[in-house]
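Everything on this sheet refers to the single structure shown next.
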Ligand code: ATP
């Protein structure tokens, strides 16, 4: 409003000056110059609009019970929030109020949800921002935005008659990285310094208790001053969900969806090891979309299986290889699957020749249990499974194709893991200090051993590979169950 009045008054003055015969060109030039400086040098850029969600509104905030799993993170957070809910009790114990909580974990694990739930639980104003919003080329803009963020949180809390405010800063490593580590470090350092100043000043304001919740997946690069006690003194780990947590998250995200009686969320949870909450939400959503496309009334297990494939590999592509390529793809995938079943019976979930993303086909495994550490034997097994495709092609066609390039890359990475974990013939070594040639030789040896093993396993199964590949070419998809039945029948036949 003030800007509009000023612009109107300025225009009127210019008209009067022109009328009186004054040359206004220099004035217009300097005016434009000042405007450009104002616009680009950050004075205006500092006026950032941060996302605000007030607690009490039904949209935006969530309750802790709407977040699946994350029991430890929730417990730690709830304890830390007591200083906002019960300030007198905390003061009577002589406890220093907490200023910051750092949520550390991979993307999509619910860090933003936890911060929102914290605001809901404490009936606070919730202000959300991201580290990247504070970074500009121009000196002082970031610091100004940090000041604005805190001022706005306080003023909104006062306006809304709230006693507390929660400021959430996502990707805090962008603004809180180690000082001196950026090329334009002066601006970065100033911004971080301002955050430290604001956090130090928080204790002085008794009318609005403010809590800063930062989120990152790179706690290791944060500046020491930021994570020292008195600033972000609680570091809460927000990990990928385990099988029970995945089940709970799937249940939460399918509550409003018409599931068929045969849908087994526990099975889906078992098949989605390594998925984050965001992935699982996407699986539930995609399954519903696929069911709607088919005009189905209920969402069956089949739609969930397709949704998992879609989330892992991307949307189905129209691209169809010609019949000889398709036959090769089928043989390749059956090779992976047979080795997987031989090494870990019951591990194949599906094999398909549907093109998704860069893949012309794929085999999806179902882990028996969530595993977080792996033995050499396990990794060697994975390498064998990765090599199964190329070796099957070799056994059936007498040559290999470029389709195995990605499998080989994964096999090399897995072999490197063996070396890095001190499980190779080199013993415990630092990968950076060992000459590349030596590492290369050990990788080759590990992979060659598995290649021999896979060849020994697949050569006697050539008829079975062809038989199941035939079914795969016709049906496009073969379930783990069918593969196991075929394998069993072939073994019984061989035993006769
Ligand atoms: P990023 O680090 O990428 O910002 P984040 O950890 O903050 O991710 P959120 O934004 O909280 O992740 O989660 C994204 C979405 O994933 C949520 O809106 C929700 O639908 C789903 N989600 C993630 N974790 C959970 C969970 N534990 N329970 C229920 N839903 C979840």
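The values are calculated or read from the model by the stated rules, or taken from the named source; none is laboratory data. Source: prediction; values computed, not measured. For neighbour counting, all protein chains shown are included, and Cβ atoms are generated from backbone atoms with ideal geometry for every residue, glycine included.
(1) in contact with a helix residue (DSSP H, G or I) (Cβ under 7 Å, 6 or more places away or on another chain); (2) within 16 Å of the ligand (Cβ to nearest atom); (3) assigned to a helix (DSSP H, G or I): which one isn't true of residue 340, the others all being true?
So the condition that residue 340 fails would be (2).
Looking at 293, 228, 234 in this structure, which one is farther than 30 Å from residue 406 by Cα and in contact with a strand residue (DSSP E or B) (Cβ under 8 Å, 6 or more places away or on another chain)? Spell out how you get there, then give the answer.
Values: 293 fails: in contact with a strand residue (DSSP E or B) (Cβ under 8 Å, 6 or more places away or on another chain); 228 fails: in contact with a strand residue (DSSP E or B) (Cβ under 8 Å, 6 or more places away or on another chain).
Result of the check over 293, 228, 234: 234.
Based on this model, can you work out whether residue 264 counts as over 18 Å from the mean Cα position of the chain (by Cα), within 19 Å of residue 109 (Cβ to Cβ) and more than 11 Å from the ligand (Cβ to nearest atom)? Spell out the reasoning first.
Details: over 18 Å from the mean Cα position of the chain (by Cα): yes; within 19 Å of residue 109 (Cβ to Cβ): no; more than 11 Å from the ligand (Cβ to nearest atom): yes.
No, not satisfied.
Scan the helices (runs of 4 or more DSSP H) fully inside region 64-162 and keep the ones with 1 or more residues being surrounded by fewer than 16 Cβ atoms within 10 Å (Cβ to Cβ) and within 16 Å of the ligand (Cβ to nearest atom). Reasoning before the result, please.
Working: elements: 71-85, 87-92, 111-122, 141-159.
In region 64-162, the matching helices (runs of 4 or more DSSP H) lie at 71-85.
Give the residues of region 279-300 that are surrounded by fewer than 16 Cβ atoms within 10 Å (Cβ to Cβ) and touching a residue at least 40 places away in the same chain (Cβ under 8 Å), sorted by residue number.
Result: 298, single match.
Per-residue answers, yes or no, for (1) more than 22 Å from residue 81 (Cβ to Cβ); (2) modelled with pLDDT under 95:
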position	(1), (2)
232	no, yes
239	no, yes
243	yes, yes
246	yes, no
253	yes, no
257	yes, no
261	yes, yes
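What are the residues in region 474-488 that are more than 18 Å from residue 366 (Cα to Cα) and either surrounded by 15 or more Cβ atoms within 10 Å (Cβ to Cβ) or not assigned by TED's automatic domain parsing to the domain that holds residue 337 (or both), if any?
We begin by selecting, within region 474-488, every residue more than 18 Å from residue 366 (Cα to Cα); these are 474-476, 486, 488.
Selection gives 486 alone.
With 94, 110 as the choices, which residue is out of contact with any strand residue (DSSP E or B) (no Cβ under 6 Å at 6 or more places or on another chain) and under 30 Å from residue 179 (Cα atoms)? Break it down stepwise before answering.
Numbers: 94 fails: under 30 Å from residue 179 (Cα atoms).
Of the residues listed, the single one that is out of contact with any strand residue (DSSP E or B) (no Cβ under 6 Å at 6 or more places or on another chain) and under 30 Å from residue 179 (Cα atoms) is 110.
Suppose we keep only residues that are under 30 Å from residue 299 (Cβ atoms) and more than 18 Å from the chain's Cα centre (by Cα) within region 206-254. Which one would you say is nearest to the ligand (Cβ to nearest atom)? Explain how you work it out, then say what you get.
From region 206-254, those under 30 Å from residue 299 (Cβ atoms) are 238-254; that's our starting set.
Among the residues that remain, those that are also more than 18 Å from the chain's Cα centre (by Cα) are: 244, 247-248, 251-252, 254.
Values: 244: 12, 247: 11, 248: 7, 251: 10, 252: 5, 254: 11 Å.
Selected residue: 252.
Run residue 257 past the list (1) more than 12 Å from the ligand (Cβ to nearest atom); (2) in the same structural domain as residue 65 (by TED's automatic domain parsing); (3) in contact with a helix residue (DSSP H, G or I) (Cβ under 7 Å, 6 or more places away or on another chain) and report the number of the one that doesn't hold.
That leaves (2) as the condition not met.
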